[in-house]
Amino acid sequence: MKFILIDKITALKPRESLSAVKSVSLAEEYLADHFPIFPVLPGVLLLEGLIESASWLVRQAEDFAHSMILLESARNVRYKSFAAPGMQIHYHVQANTLEPNASSFSGEGICGEDSIVEAKFSLRHFNLGDENPKMARLDGTIIEQLKNRWKLLYSEE
C-alpha cells in the first residue's frame, strides 16, 4: 500500500514553512485493521503527515532536485490525541535548516483546536543515481511524477 497523507497544501512560505490538510476518511484501508471498533489514524501515520509536508517544502525550495527525501531522525515526538474518520488534520511544518542534502524541521498537527502530534525531525535528500548511475533514469521518472502531484496539491491562487 502507498499512503498519501496530505490532501492539499494550504500555505507556503518558500524555504520557511508549509501548511497542509488531511481529511481522515473511513474508506482508508488501514482503518479496517487499526482498532476496527474504534478506528483512528495510526500515530506513525500522523508523524508521516508531518514528514510528507516537510518533504514538499524541500522539493519546492530545491526545484525538485532530488527523487528521494527520507526521514533521517525524529525527536521529541508527542502524540496528544486521536484523529478519527470525519476529522481534518491541519499540519504545519517550519524549516530549521534547509541544505542541499539534509534539512531539519519542527512540526505540529492540529484537529479543531487540539494539537494531536508534535515533532522535531530531520530529512535527507538524494537521488538514486548518486550511488548507482543506472538508476538516474528512474530519478527522472520519479521527479516528473512528484511535479505532477505538486500541481494537484498546491495552487498559488
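Of note:
- Count of residues meeting criterion [of a type in the set (D, E, K, R) and farther than 16 Å from Leu152 by Cβ] in the stretch 1-41: 6
- Selection within the stretch 43-61 - without any contact (Cβ under 8 Å) to a residue 60 or more places away in the chain and surrounded by 24 or more Cβ atoms within 10 Å (Cβ to Cβ): Ser53, Leu57
- Glu72 being in contact with a strand residue (DSSP E or B) (Cβ under 7 Å, 6 or more places away or on another chain), closer than 22 Å to Asp139 by Cα and exposed (fewer than 15 other Cβ atoms within 10 Å of the Cβ): yes
- Gly86 falls short on exactly one of the conditions (1) surrounded by 15 or more Cβ atoms within 10 Å (Cβ to Cβ); (2) on the phi > 0 side of the Ramachandran plot; (3) not basic (Lys, Arg), and that condition is (1).
- Residues that are part of a loop (DSSP other than H, G, I, E, B) and within 24 Å of Leu128 (Cβ to Cβ), drawn from the stretch 55-95: Glu62, Asp63, Phe64, Ala65, His66, Ser67
- Given (1) β-branched (Val, Ile, Thr); (2) touching a residue at least 24 places away in the same chain (Cβ under 8 Å); (3) over 30 Å from Met135 (Cβ atoms), index of the condition Ile6 fails: (3)
- Of the residues screened, Glu48 is one that is charged (D, E, K, R), in contact with a Leu (Cβ under 9 Å, 6 or more places away or on another chain) and not in a strand (DSSP E or B).
- Checking each residue of the stretch 113-122 against the condition of being more than 25 Å from Ala27 (Cα to Cα) and at pLDDT below 95 gives no match.
- Listed by first and then second residue, the pairs linking a residue in the stretch 18-41 that is aliphatic (A, V, I, L, M) to a residue that is exposed (fewer than 14 other Cβ atoms within 10 Å of the Cβ), with Cβ atoms under 6 Å apart and 6 or more places separating them unless they lie on different chains, are Val21/Lys8; Val21/Gln88.
- Output for the stretch 121-146, where each listed residue is under 15 Å from Leu57 (Cβ atoms) and either of a type in the set (Gly, Ala, Ser) or in contact with a Lys or Arg (Cβ under 9 Å, 6 or more places away or on another chain) (or both): Phe121, Ser122, His125, Leu146
- Being more than 30 Å from Pro39 (Cβ to Cβ), crowded, with 16+ Cβ neighbours inside 10 Å and either out of contact with any Leu (no Cβ under 6 Å at 6 or more places or on another chain) or of a type in the set (Asp, Glu) (or both) is a property that Ser104 has.
- Qualifying residues in the stretch 140-157 (those that are aliphatic (A, V, I, L, M) and out of contact with any strand residue (DSSP E or B) (no Cβ under 6 Å at 6 or more places or on another chain)) - the one surrounded by the fewest Cβ atoms within 10 Å (Cβ to Cβ): Leu152
- If you filter the stretch 22-38 down to residues that are among the aliphatic types (A, V, I, L, M) and surrounded by fewer than 17 Cβ atoms within 10 Å (Cβ to Cβ), you find that the one that is farthest from His92 (Cα to Cα) is Ile37.
The values are calculated or read from the model by the stated rules, or taken from the named source; none is laboratory data. Note that the coordinates shown come from a computational prediction; the quantities given were computed from them, not determined experimentally. Ideal geometry is used to build each Cβ from the backbone, glycine not excepted, and the neighbour counts take in all protein chains shown.
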